[in-house]
Amino acid sequence: MSEGKSNAKRFLDAYNNIDYALKTRYGLNRAMGFSDLIRKAVVINYVVRKYEDDLIDYGRLRNAIIHNNNEDFVIAEPHINVVEKIEHIEKLLTTPPLAIDTVARKNVIVTYAEKSMREVVELIASTEYSNIPVYKDNKLVGVANGQKILQSLGNYLLAGGNESTFLDHIQIEDMLSSLKNSIYYVVKKVDCTVEEAVSEFNNNHKLLAILFTKNGQQTELPLGIMTGANVAQAQNILEDY
């Protein structure tokens, strides 16, 4: 609660909580300076990257408003706008929203490895979902993506095949095993934050989907799915949170 606190106390509480949260989450040295901490975290945390310049400035401001590193001896009061902004960043880093609660679609349609390409194409068309997880013996073996299916069909036709054979005699498992780039989906635990999900897409521009399962295992059915189409929404959630 911030009621009754001075601007300086609110600022310092938020600053210390950010410092503690980042060092704890990433296993960093507790003695590390704040500026070094931010530069370490900026490469792995979307929120830190977004607010890097502000956080560096807040590190300098913290040193300017206290005397001899004594937080009980405050020599200046930060502006309320600064206090509210660092509290916003603190909230994003210490109690972040979860992707499964915000941007993930929970009614995940799945299909199975033995299905023909025709069956999978019809499933994509009927559901209007372009990323459908594929399972074999209760284990995830890939994601049937509409664009990748179209590319595979085109390659098959260019090699002299015909569309009927592709659709009726090739199973989705065979198509998935032929893909050269298999890093177009990832599986994350259900407690994956919005920030972590956005970072996954930012760090892998070929990523098409994130599947969320209870423990982040490929032997579990998905509880939710997030695609690249959800990234803008996720960024807005972080902005307004």
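Which of Gln151, Gln217, Gln171 moves the most in a Gaussian network model of the chain with Cα springs under 10 Å? Fluctuation is largest for Gln151.
On a full-extension model of 0.36 nm per residue, what is the gain between Tyr20 and Ile75, subtracting their alpha-carbon distance, rounded to one decimal in nm? If you can, show how the numbers build up before the last one.
On the way: separation 55, 0.36 × 55 = 19.80 nm, distance 2.36 nm.
Difference between extended and current length: 17.4 nm.
Dividing the Cα radius of gyration of the range 180-241 by 2.2 N^0.38 Å, with N the residue count, gives 1.10. What is the percent of Cα-Cα separations in the range 7-95 that go past 16 Å? Counting every Cα pair in the range 7-95, those more than 16 Å apart make up 49 percent.
Which translational diffusion coefficient, to the nearest whole µm²/s, is obtained for the range 44-108 from the Stokes-Einstein equation, given a Kirkwood hydrodynamic radius over C-alpha pairs, 20 °C and 1.002 mPa s?
Values: Rh = 14.1 Å.
The estimated diffusion coefficient comes to 152 µm²/s.
Here the range 101-240 was treated as a single set of alpha-carbon atoms; its pair distances binned every 5 Å from 0 give 2, 10, 20, 21, 19, 13, 8, 4, 2, 0, 0 percent.
Projected label points at Glu84 and Thr127, each 7 Å from Cα along the beta carbon direction, are separated by 4.3 nanometres. Both radii are taken from the alpha-carbon atoms of the chain; with Rh as the Kirkwood radius, Rg/Rh is 1.14.
With a Förster radius of 41 Å applied to the beta-carbon distance between Lys214 and Leu157, the computed FRET efficiency rounds to 0.50. Once label points are set 7 Å from the Cα along Cα→Cβ at both Gln147 and Asp240, what is their separation, rounded to one decimal in nm? Going by the 7 Å Cα→Cβ label model, 2.6 nm. Pairs spanning more than 23 Å between alpha-carbon atoms, out of Lys9/Lys50; Lys23/Lys85; Lys50/Lys91; Lys50/Lys148; Lys106/Lys214: Lys9/Lys50; Lys50/Lys148. With the simple spin-label model, which puts each label point 7 Å out from Cα in the Cβ direction, the Thr94 to Asn29 separation comes to 2.5 nm.
Here, each number is a calculation from the coordinates, and none is a lab measurement. Quick caveat: nothing in here was measured; it's all calculated off a predicted structure. Don't worry about glycine lacking a Cβ; one is built from the backbone with ideal geometry, like all the others, and counts go over all protein chains shown.
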